[in-house]
Amino acid sequence: MTKPDPYASEAETLSLLQHDKRSMAEITVDRMVDELGAWEQGAEPFVVARQIAVALLEEVQASNYKRTEGWLKACGKEPDTENLSVQIGCHLEEFCEFLGALRSDSEGYGKLLERTRTDLEWFAGKLKRREQFVYIPVHLRIDALDALCDTEVTGNGVAYLAGMNKPGADRAVLDSNDAKLVDGKPVILEGGKIGKPEGWKAPDIRGFV
């Protein structure tokens, strides 16, 4: 962000502090055009448009799902009953983190939220430590997939109605996850847990809330 001029008017200073209002797509296109420097170099419009279109398509194809899939594969996590159970524990743990960020205007319901979070968090920990296992029966796979899709949709809806920039936060979280890999491989700690390499920083999503 540009440092405000101490002698600038209040309006000018406020304009410097405003958040970028471009969409993620606009920011991506502008960045790529800037990096290509095509306009200044006099490149033909079709060539430039094709380069941008290809870059955008590649970026779209690298969806949250595909990036997560690639990260898990890099960490040696292939589909099997045990890895699935651990991942379900991780999924429940993150939902508990969301519950912990909620507050109720009723003391009774506030305690209910806390009890629910505490119990679910305890069970999630059991799954992550492989002290307990769960699975998805064949006859319930359609229901499970439907619920997972709905969870993503409703989560995006919550973020939208809360006025949050979830696409930007998604990118920051996924980039931070990728940064845990060194030369495409995870840092494995004693006991098999995936560690964080030296210099790794947690994602900073303060600008997206």
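The values are calculated or read from the model by the stated rules, or taken from the named source; none is laboratory data. As the structure is a prediction and not an experimental result, all values here were calculated from the model. Counting neighbours? That spans all protein chains shown, and the Cβs are built from the backbone with ideal geometry, glycine included. To get the accessible areas, we keep the full protein, side chains included, count just its heavy atoms, and leave off ligands, DNA and RNA. Shrake-Rupley method; radii C 1.70, N 1.55, O 1.52, S 1.80 Å.
Counting the residues of segment 144-172 that are open to solvent by 80 Å² or more (accessible area, probe 1.4 Å), touching a residue at least 40 places away in the same chain (Cβ under 8 Å) and under 20 Å from residue 87 (Cα atoms) gives 0.
List the number of the failed condition for residue 134; all other conditions in (1) in a helix (DSSP H, G or I); (2) in contact with a Ser or Thr (Cβ under 8 Å, 6 or more places away or on another chain); (3) at pLDDT 95 or above hold. With (1) in a helix (DSSP H, G or I); (2) in contact with a Ser or Thr (Cβ under 8 Å, 6 or more places away or on another chain); (3) at pLDDT 95 or above applied to residue 134, the lone miss is (1).
Restricting 78, 97 to residues that are open to solvent by 50 Å² or more (accessible area, probe 1.4 Å) and under 22 Å from residue 181 (Cβ atoms) narrows the list to 78. Inspect all residues belonging to segment 106-116 and state whether any of them is closer than 30 Å to residue 208 by Cβ and not in a helix (DSSP H, G or I). Yes - at least one qualifying residue is present in segment 106-116. Being over 25 Å from residue 75 (Cβ atoms) and open to solvent by 80 Å² or more (accessible area, probe 1.4 Å) is a condition met by no residue of segment 173-193. Restricting attention to segment 62-82, the residues that are in contact with a helix residue (DSSP H, G or I) (Cβ under 8 Å, 6 or more places away or on another chain), under 23 Å from residue 188 (Cα atoms) and in contact (Cβ under 8 Å) with a residue 40 or more places away in the chain total 3.
Could you tell me which numbered condition residue 72 fails, if it satisfies all but one of (1) among the hydrophobic types (A, V, I, L, M, F, W, C); (2) open to solvent by less than 90 Å² (accessible area, probe 1.4 Å); (3) modelled with pLDDT of 95 or more? Here residue 72 clears every test but (3). Based on what the data block shows, is residue 85 open to solvent by less than 40 Å² (accessible area, probe 1.4 Å) and either without any contact (Cβ under 8 Å) to a residue 12 or more places away in the chain or more than 28 Å from residue 168 (Cα to Cα) (or both)? For residue 85, the condition - open to solvent by less than 40 Å² (accessible area, probe 1.4 Å) and either without any contact (Cβ under 8 Å) to a residue 12 or more places away in the chain or more than 28 Å from residue 168 (Cα to Cα) (or both) - is met. Here residue 97 meets each of (1) under 16 Å from residue 155 (Cβ atoms); (2) touching a helix residue (DSSP H, G or I) at 6+ places or on another chain (Cβ under 6 Å) with one exception, condition (2).
Every condition in (1) under 21 Å from residue 67 (Cα atoms); (2) in contact with a helix residue (DSSP H, G or I) (Cβ under 6 Å, 6 or more places away or on another chain); (3) free of Cβ contacts under 8 Å to residues at least 40 places away in the same chain; (4) open to solvent by 70 Å² or more (accessible area, probe 1.4 Å) holds for residue 121 except the one numbered (1).
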